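The values are calculated or read from the model by the stated rules, or taken from the named source; none is laboratory data. Note that the coordinates shown come from a computational prediction; the quantities given were computed from them, not determined experimentally. FYI the Cβ positions are ideal-geometry reconstructions off the backbone, even for glycines, and counts take in every protein chain you see.
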Amino acid sequence: MELEVNNILQRLETRTRQLILSYRKQQDEIARLQKKLQEQTRHAKALEEENQQLRTDYSRLKAARLMDMADTDDLHETRKRINRMIASVDRCIATIKA
């Protein structure tokens, strides 16, 4: 009888140690994944900032190109282009509202 109790206690102790070891491994994995998530979040934020900067640069480049066109083309042609752009923007706005 005492031998059975000792065997049961040994198995319980072994299983408890296995459970503790598994718990520690899971905690390490969670910490690793949280660190990876933070790195990915930082990377995504950096990409968003870069994207915004590129959009700003693109807008400035378009404005500079329009100014350059006004210098090189005759005024009438530039007005036509601007009117086409305005019409395109109006169509986009109408599509969005619909």
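A few points about this structure:
- In the condition set (1) at pLDDT 90 or above; (2) among the small types (Gly, Ala, Ser); (3) exposed (fewer than 10 other Cβ atoms within 10 Å of the Cβ), residue 94 is compliant with all but (1).
- Among residues that are surrounded by 10 or more Cβ atoms within 10 Å (Cβ to Cβ), β-branched (Val, Ile, Thr) and in a helix (DSSP H, G or I), residue 56 is included.
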